[in-house]
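One structure is given here, and the rest of the page talks about it.
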Amino acid sequence: KEKLCLDEIDAFAIDRGPGSFTGLRIGFSLLKGFLAFRKRPCYGALSLDIMTSKIDLPEGTRLGVVVDARREAVYSRFYRFSQGKWTAEGKPELLTLAELLTRVREGTHLVGDALIRYQAELAETFGNRIHFPAEEASSPSARTLVKWFQAQDERLSLLKRPQDFVPLYFRSSEAEEKRRT
């Protein structure tokens with residue numbers, strides 16, 4: 001709703017993925033179009049990290065962010081809430097449901113749009129030993145990118161190299177996989 005001229009923009013921030021192939025490609029294409037017209041610093045963050053910003057849980061809580069990667073897989077990353085912030089326990093992963101079940105531990109809270117597809121199986125496997133917070137965190141928020149930029153948050157990285165301007169998919173597209181077979 002804000003009307004800005006491109007000259008008034010000091011920097012760009014983008015969700016680098018993982019996520020929708022089409023959505024990420026459109027976002028990066030738009031960013032590259034802006035940059036062709038007006039060079040500005042660019043920053044990016046992982047969608048899974050961005051989604052943690054919407055979650056308010058007690059100190060020591062373990063959180064799993066799970067995003068539907070389609071084709072019977074999820075993008076996931078696990079975090080621990082410590083000293084007022086979410087700290088990643090490892091790298092983002094592309095997992096099957098069976099693999100995800102081995103990563104979830106008792107007491108874990110799970111959020112993300114993969115729950116639309118897999119919450120029933122997770123609840124059946126773990127019962128009330130895992131949690132599905134009421135907070136809505138099924139997608140990343142551009143507002144978080146703005147806040148992180150203003151706070152110079154370490155989760156937002158400066159994009160410099162050409163490969164930084166390519167979405168993080170963590171796997172080939174369905175069309176690329178079909179072409180190989």
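Summary of computed values
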{"quantity": "Filter result for E177 (open to solvent by 40 Å² or more (accessible area, probe 1.4 Å), within 24 Å of T22 (Cβ to Cβ), at pLDDT below 90 and not aromatic (F, W, Y))", "calculated": "yes"}
{"quantity": "Index of the failed condition, E121 passing every other in (1) under 24 Å from F170 (Cβ atoms); (2) open to solvent by 80 Å² or more (accessible area, probe 1.4 Å); (3) not β-branched (V, I, T)", "calculated": "(2)"}
{"quantity": "Filtered residue count, segment 139-181, keeping only those that are out of contact with any helix residue (DSSP H, G or I) (no Cβ under 9 Å at 6 or more places or on another chain), part of a loop (DSSP other than H, G, I, E, B) and basic (K, R)", "calculated": "2"}
{"quantity": "Extreme residue, nearest to G64 (Cα to Cα), among residues of segment 138-155 that are of a type in the set (D, E, K, R) and open to solvent by 50 Å² or more (accessible area, probe 1.4 Å)", "calculated": "R155"}
{"quantity": "Filtered residue count, segment 126-137, keeping only those that are part of a helix (DSSP H, G or I) and open to solvent by 70 Å² or more (accessible area, probe 1.4 Å)", "calculated": "2"}
{"quantity": "All strands (runs of 3 or more DSSP E) inside segment 47-111 with 1 or more residues being on the phi < 0 side of the Ramachandran plot, of a type in the set (V, I, T) and open to solvent by 30 Å² or more (accessible area, probe 1.4 Å)", "calculated": "85-88, 93-96"}
{"quantity": "Subset of segment 156-174 (residues that are within 23 Å of S53 (Cα to Cα) and open to solvent by 70 Å² or more (accessible area, probe 1.4 Å))", "calculated": "L158, F170"}
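The values are calculated or read from the model by the stated rules, or taken from the named source; none is laboratory data. All figures in this text were calculated on a predicted structure; none of them were measured in a lab. Positions of Cβ are generated from backbone atoms using ideal geometry, with glycine treated the same way; all protein chains shown enter the neighbour counts. In case anyone asks, the SASA skips ligands and DNA or RNA and just uses the protein heavy atoms, side chains included. Shrake-Rupley method; radii C 1.70, N 1.55, O 1.52, S 1.80 Å.
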